[in-house]
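Accompanying notes for the structure given below.
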Amino acid sequence: MHKISEAQILPSSDISAQKRRIMLVDDDPIFRHITTAYLETQGFEVLEAEDGLAGLRQLRQFEPDLVLCDLSMPVLNGVEFVEEVSVAYPSLPMIVVSATESISDVAKVMKCGIKDFLTKPISNPDNLTNAIENTLEDADNHLIDQRDFSSQWFRVDGAEMPEEQELHWHLDYLQKHPIAAKDFLLALLPDKDTSQGSWKCTYRLLQSTEVMPLVFDYAWVMNGQFIFYLVDSDNESDQGAATTLLVRALFHDYVRGLRSQNADLKDLIDILEKGIDCTDCAAPIKAVFGIANLADGSVSILPAGLDVSLSSQKEGVTQISAQRCLGNKCLYNPMLADVTIGQRCSVSSSRLGTSSFALDIVDLAK
């Protein structure tokens, strides 16, 4: 049974809801009743829907400021509901609630624009109010469509450093539940194929289910640069998941802040290392970063704790040693700069017996 303790349902002087409207979509009537009662004590107006289909119907008449929805529901489940709402109401902020067994589904809906999640049972209602307040604040400041969900957790703004030093509750949760953290990180992996113009980038990632995963991510920059990174979340501390999510937050905020400017690996690394240094939930971690400049057909690699092999049609095979980890002054590591791609190149890395990764960058016009 999903519980919010009645003893914890107290008015909060910190919440200035001013009758903000919340739509609660959940098939559990007890959870709906208790959560609605709690939100109303905080000054919110709440409309309940018993499943995703009822939620979609009520959205046509009821204009909420935020939707709070379960993932496991009959008729129209939470994943389907989120997908529908994200298309029909792209500016409507949503928060999902989920049991631990559906943590991979949480990651799936994060890609649809979800900015936060809550795990059931909600043992501390402060987690609920903090998630709602932060999401509404971003919506009011027109940041809701600009921030990656992990930026919301770290309260990252642009390329600035996180100000809060204590663990957020959901990072604490992932730290205490490594299986859920592993599933969550794996579900966040991007599409395996991406292209721009005549260039196609494809990655392959095989790994054991016994260890925390390698995590890959990428972004296209407007001027034709393809910027990417690979992080080994299985670091020596128990902060691998949180650090990987911090890297993701700062990476995407850095890319968004570029606009039409060129990306610079050393600028990115400087931001990431400052972020790790000033955040208590993060620790040094093994990684590698790269930029493929498809305008001039070159690639640059900066190692940060992972051994990498670069194979180029023009330059042959180059082995790049791991050097210092991200968070341990990896800016001093030598960078392999402006290697000619030719028609194709491949970046690969592996952990003996546990994982292998390869990224292929191909110019289909040649």
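The values are calculated or read from the model by the stated rules, or taken from the named source; none is laboratory data. Worth saying up front: this structure is predicted, and the values here are computed from it rather than measured. Cβ atoms come from the backbone with ideal geometry, glycine included; neighbour counts cover every protein chain shown.
Among (1) farther than 18 Å from Ser311 by Cβ; (2) surrounded by fewer than 16 Cβ atoms within 10 Å (Cβ to Cβ); (3) at pLDDT 90 or above, there is one condition Ser355 misses while meeting the rest; what is its number?
Among (1) farther than 18 Å from Ser311 by Cβ; (2) surrounded by fewer than 16 Cβ atoms within 10 Å (Cβ to Cβ); (3) at pLDDT 90 or above, Ser355 violates only (2).
Where residues in the range 92-128 are more than 19 Å from His252 (Cα to Cα) and among the small types (Gly, Ala, Ser), which of them is surrounded by the most Cβ atoms within 10 Å (Cβ to Cβ)?
By that ranking, first place goes to Ser102.
Is it the case that Gly316 is of a type outside the set (Lys, Arg), on the phi > 0 side of the Ramachandran plot and buried (at least 21 other Cβ atoms within 10 Å of the Cβ)?
no
Within the range 51-68, take every residue that is of a type in the set (Gly, Ala, Ser) and under 14 Å from Val82 (Cβ atoms) and give me the one that is surrounded by the fewest Cβ atoms within 10 Å (Cβ to Cβ).
Filtering first and then ranking leaves Gly52.
Let me confirm something: among Ser346, Ser350, which residue is assigned by TED's automatic domain parsing to the domain that holds Ile227, among the small types (Gly, Ala, Ser), in contact with a strand residue (DSSP E or B) (Cβ under 9 Å, 6 or more places away or on another chain) and at pLDDT 95 or above?
Exactly one residue qualifies, and that residue is Ser346.
Does Gly305 fit the bill of being on the phi > 0 side of the Ramachandran plot, in the same structural domain as Asn223 (by TED's automatic domain parsing), crowded, with 21+ Cβ neighbours inside 10 Å and modelled with pLDDT of 95 or more?
Yes.
Looking at the range 285-293, can you tell me whether even one residue there is surrounded by fewer than 20 Cβ atoms within 10 Å (Cβ to Cβ) and either of a type outside the set (Asp, Glu) or not assigned by TED's automatic domain parsing to the domain that holds Tyr218 (or both)?
Yes, some residue in the range 285-293 is surrounded by fewer than 20 Cβ atoms within 10 Å (Cβ to Cβ) and either of a type outside the set (Asp, Glu) or not assigned by TED's automatic domain parsing to the domain that holds Tyr218 (or both).
What number of residues within the range 211-228 satisfy the criterion of being in a strand (DSSP E or B), in contact (Cβ under 8 Å) with a residue 40 or more places away in the chain and over 23 Å from Gly353 (Cβ atoms)?
Looking only at that region, the number is 4.
Residues in the range 63-71: is at least one charged (D, E, K, R) and in contact with a Pro (Cβ under 7 Å, 6 or more places away or on another chain)?
no
Taking Asp238 as meeting all but one of (1) in contact (Cβ under 8 Å) with a residue 60 or more places away in the chain; (2) touching a Ser or Thr at 6+ places or on another chain (Cβ under 8 Å); (3) in a loop (DSSP other than H, G, I, E, B); (4) not basic (Lys, Arg), write down the number of the exception.
Asp238 satisfies all of (1) in contact (Cβ under 8 Å) with a residue 60 or more places away in the chain; (2) touching a Ser or Thr at 6+ places or on another chain (Cβ under 8 Å); (3) in a loop (DSSP other than H, G, I, E, B); (4) not basic (Lys, Arg) except (2).
Please state which one of Lys266, Lys182 is more than 19 Å from the chain's Cα centre (by Cα) and either touching a residue at least 12 places away in the same chain (Cβ under 8 Å) or outside any loop (DSSP other than H, G, I, E, B) (or both).
Lys266
Residues that are modelled with pLDDT under 95 and under 23 Å from Tyr173 (Cα atoms), at least 1 per element: which strands (runs of 3 or more DSSP E) completely within the range 1-120 meet that?
Hits in the range 1-120: 66-70, 94-98, 116-119.
Residues in the range 198-210: is at least one surrounded by 17 or more Cβ atoms within 10 Å (Cβ to Cβ), part of a loop (DSSP other than H, G, I, E, B) and modelled with pLDDT under 95?
no
Can you give me the number of residues within the range 67-103 that are out of contact with any helix residue (DSSP H, G or I) (no Cβ under 6 Å at 6 or more places or on another chain) and in contact (Cβ under 8 Å) with a residue 60 or more places away in the chain?
Selection size over the range 67-103: 2.
Identify, please: which residue in the range 235-250 is in contact with a strand residue (DSSP E or B) (Cβ under 7 Å, 6 or more places away or on another chain) and surrounded by fewer than 24 Cβ atoms within 10 Å (Cβ to Cβ) and is, among those, nearest to Val215 (Cα to Cα)?
Ranking the candidates gives Arg248 first.
Pick out the one residue from Ala304, Ala287, Ala292 that is touching a strand residue (DSSP E or B) at 6+ places or on another chain (Cβ under 7 Å), among the aliphatic types (A, V, I, L, M), touching a residue at least 60 places away in the same chain (Cβ under 8 Å) and in a strand (DSSP E or B).
After ruling out the rest, the residue left standing is Ala292.
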